[in-house]
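Asks: Below: one structure in structure tokens.
The values are calculated or read from the model by the stated rules, or taken from the named source; none is laboratory data. The structure displayed is predicted, hence computed values, not measured ones. Positions of Cβ are backbone-derived with ideal geometry, glycine not excepted, and every protein chain shown enters the neighbour counts. Side chains included, ligands, DNA and RNA excluded: accessible areas come from the protein's heavy atoms. Shrake-Rupley method; radii C 1.70, N 1.55, O 1.52, S 1.80 Å.
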Amino acid sequence: MRDPLDALIADMVEWVAARPRGYAETLDAWRTSCPRLPVWETACDRRLVARAALADGTPAIVATQAGRAFLAASRAAM
């Protein structure tokens, strides 16, 4: 991983990939006011996570295909 932020982003994507997470739950866990650690914002900008609706219509945050590929690549680099 080149960017030091990538390790935190990989942790977030792994957390979301384990099961869909609610939007509020995700922001509570990953939003930060530190401009040097924009984990949530960067993951969204890179399209590693996305908003989706579960089968029952509940909004959730899920890992995208790009997010799962990023996670696999980050695991391989370890």
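Asks: Here are some residues: Ala24, Ala29. Which one is part of a helix (DSSP H, G or I), surrounded by 13 or more Cβ atoms within 10 Å (Cβ to Cβ) and small (Gly, Ala, Ser)?
Replies: Details: Ala24 fails: surrounded by 13 or more Cβ atoms within 10 Å (Cβ to Cβ).
Just a single option satisfies the conditions, and that option is Ala29.
Asks: Right, here's the next one. Would you pick out the residues in segment 42-58 that are open to solvent by less than 90 Å² (accessible area, probe 1.4 Å) and more than 18 Å from Pro4 (Cβ to Cβ)?
Replies: Once the filter is applied, which keeps residues that are open to solvent by less than 90 Å² (accessible area, probe 1.4 Å) and more than 18 Å from Pro4 (Cβ to Cβ), segment 42-58 yields Cys44, Val49, Ala50, Ala52, Ala53, Leu54, Gly57, Thr58.
Asks: Now, a different point. Inspect all residues belonging to segment 63-73 and state whether any of them is open to solvent by 80 Å² or more (accessible area, probe 1.4 Å) and either under 13 Å from the mean Cα position of the chain (by Cα) or touching a residue at least 40 places away in the same chain (Cβ under 8 Å) (or both). Outline the logic, then answer.
Replies: Start the filter on segment 63-73 by keeping residues that are open to solvent by 80 Å² or more (accessible area, probe 1.4 Å), which leaves 65, 68.
Checking which are either under 13 Å from the mean Cα position of the chain (by Cα) or touching a residue at least 40 places away in the same chain (Cβ under 8 Å) (or both) leaves us with 65, 68.
Yes.
Asks: Sticking with this structure for a sec: Run down Val39, Val16 and say which single residue is touching a Phe, Trp or Tyr at 6+ places or on another chain (Cβ under 6 Å), surrounded by 11 or more Cβ atoms within 10 Å (Cβ to Cβ) and either at pLDDT below 90 or not acidic (Asp, Glu) (or both). Can you show your working first?
Replies: Values: Val16 fails: touching a Phe, Trp or Tyr at 6+ places or on another chain (Cβ under 6 Å).
Exactly one residue qualifies, and that residue is Val39.
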